[in-house]
Each structure stands twice: as C-alpha cells, then as structure tokens.
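The values are calculated or read from the model by the stated rules, or taken from the named source; none is laboratory data. These numbers come from a predicted model, not from an experiment. Using ideal geometry, Cβ is built from the backbone for each residue, glycine included, and neighbour counts are taken over all protein chains shown.
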Amino acid sequence: MNKKFIVNRINFKTISALPNFWTEAKYLDLLELMDYENAKTLDPSEIKDMCLMSLTDNEPEDAAKIVLTYVFGSSFNKGQIDNLSNEILKEKLWEEYADLSKHEEFFAVHQLLYDAFEGTFPHPEAVSFQVRIQETAKNGLSIFSTEPEAPLVRLLVGGLPDNNVIHRLFDNKIEGDAFPEAKDILWQLNIQRNDAGEMLATVASSLYWFKNLKYVDGFEAETHADA
C-alpha cells in the first residue's frame, strides 16, 4: 500500500571522493601489497601520499591491477582484472559496469587512481545530498524501518522527471513489490528520525542516478516498501 510524503531537498553537491571509504588501514594494506618496507612506521600524515606515490611507480594499467585486486579480492579472476585494468583507463565503470553491486567499489578505485595519476583516469563524480521527509499520516515513516533503500528510492524518483535513468531502467521495480537494486543505487545511507514525524536521509550515490535532483527543491510523492 502506497503512503504519501512531503520531501524537501536540504542540500546537494557533487563529490569526487566517497566519505570514509579509503582509510589509513587500507592505504597501509596497499603499501604492503606494493612491497613498501616498514609502511607501519610512517607518520600517519604521510601514509596516503606515500601510497599515491607508490602507485605512480607503476604504469597506470599496472597500478589499476593492484587497486582492483585489493578492492575486489576474489570477486574477479586474473583475466577479468586484466580486462578491467584496460577498461578503467577510459570507461566510467562506476556507471557502466553491468553489475550494480560493484559500482560503489569501482568509484573508489577510480577515485584513488585519479588522484595518483592526476587525471589519466576518468574524473570520478558522485553526489551527496540530504532530504527531509515528512509523513502525511501517522506512523507513515514505519515503512523505512526495515530495508529503507527500496521505499526511499521509489520516493525520490517520484520527484524526478520521467526521463530520469532510474525511471527508464527500473519502472517495473518502482511499481512492483521487489526492488533489490535500490541498495546498490544508494551507496551510503544514513537515516535520522525525530518525534515530529520527520526523517532526515543523507545519501551518497552516483551522479548518474540523481543528477536531476539538483533542480528539485521539494515535492510530494508516494512510495511503498518491498513485500
């Protein structure tokens, strides 16, 4: 059963780095993969820069193999990694790769390689935005209590133009009872609720999905949870 909400966009910005993805521990892991000696003795302020410098000791394609192997582990075999290390030099894999569940990690790979090689790789672009959601009927926000991604994506596209890519690709999922891809569309999601029947959703996702939200201040729309 659909429930109606009032949605107001609080902010919207384009970002080139995912919050909190690359950590000191991950930079150290990469340095060890590249056989950097005594990486753990580095001053914390030097770890990221040293990781980027060590990547540039390799050809871009070889550096891509290192980062892809680290991020995806056993998800891809050697032949697939070899192919991806070529594709990533020209293609926006965080938008174009067929498996949506890999998009967030591909973005992080692009982010690191782009920083290391100063533009040799495609410029990574994602979005970060906040929306305030107000219920129009008591306890309406309960549909976001469990697996909120599907009802949230359905609600957000309710304020976007019909030619938005989510509409075009997932129209049946938006109307239907199962939208598992929603979790891969919303890369990072934080939800806060208050006692006034409001919910604040903070999202990081691909510009590919939500670029039109920049031009939408507020709207009313309906949504429903997965069955």
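Tally time: how many residues in the range 131-158 are in a helix (DSSP H, G or I) and either among the small types (Gly, Ala, Ser) or closer than 19 Å to Glu95 by Cβ (or both)?
Step one: of the range 131-158, the residues in a helix (DSSP H, G or I) are 140-144, 149-157.
From the residues that got through so far, the ones that are either among the small types (Gly, Ala, Ser) or closer than 19 Å to Glu95 by Cβ (or both) too are 140, 142, 149-150, 153, 156-157.
Number satisfying all stated conditions: 7.
So Pro180 fits all but one of (1) closer than 17 Å to Glu104 by Cβ; (2) crowded, with 16+ Cβ neighbours inside 10 Å; what number is the exception?
(2)
How many residues are part of a strand (DSSP E or B) and touching a residue at least 12 places away in the same chain (Cβ under 8 Å) when one looks only at the range 168-216?
16
Run down Glu95, Glu87, Glu59, Glu105 and say which single residue is without any contact (Cβ under 8 Å) to a residue 60 or more places away in the chain and surrounded by 16 or more Cβ atoms within 10 Å (Cβ to Cβ).
Just one listed residue meets the conditions, Glu105.
Every residue in the range 71-105 that is assigned to a helix (DSSP H, G or I) and touching a Pro at 6+ places or on another chain (Cβ under 9 Å), please.
Result: Ser85, Leu93, Trp94.
Being surrounded by fewer than 16 Cβ atoms within 10 Å (Cβ to Cβ), in the same structural domain as Asn11 (by TED's automatic domain parsing) and over 26 Å from Ile166 (Cα atoms) is the requirement here; does Lys78 meet it? Before you say what the answer is, go through the steps one by one.
Numbers: surrounded by fewer than 16 Cβ atoms within 10 Å (Cβ to Cβ): yes; in the same structural domain as Asn11 (by TED's automatic domain parsing): no; over 26 Å from Ile166 (Cα atoms): yes.
No; evaluated as a whole, the condition is false for this residue.
Consider only pairs whose beta carbons are under 7 Å apart and that are at least six residues apart or on different chains; among these, list those whose first residue lies in the range 142-156 and is within 14 Å of Glu181 (Cα to Cα) and whose second residue is polar (S, T, N, Q) and buried (at least 19 other Cβ atoms within 10 Å of the Cβ).
The qualifying pairs are Pro151/Thr223; Arg154/Thr223.
Among the numbered criteria (1) assigned to a strand (DSSP E or B); (2) of a type in the set (S, T, N, Q); (3) surrounded by fewer than 16 Cβ atoms within 10 Å (Cβ to Cβ), which single criterion is violated by Ser128?
In the conditions (1) assigned to a strand (DSSP E or B); (2) of a type in the set (S, T, N, Q); (3) surrounded by fewer than 16 Cβ atoms within 10 Å (Cβ to Cβ), Ser128 misses (3) alone.
Looking at the structure I just gave you, is Ile191 within 13 Å of Phe144 (Cβ to Cβ), at pLDDT 95 or above and over 15 Å from the mean Cα position of the chain (by Cα)?
Answer is yes for this residue.
Table: residues versus (1) among the aromatic types (Phe, Trp, Tyr); (2) assigned by TED's automatic domain parsing to the domain that holds Ala150; (3) farther than 20 Å from Glu135 by Cβ.
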position: Val165; (1), (2), (3): no, yes, yes
position: Phe170; (1), (2), (3): yes, yes, yes
position: Glu175; (1), (2), (3): no, yes, yes
position: Pro180; (1), (2), (3): no, yes, yes
position: Asp184; (1), (2), (3): no, yes, yes
position: Asn194; (1), (2), (3): no, yes, no
position: Met199; (1), (2), (3): no, yes, no
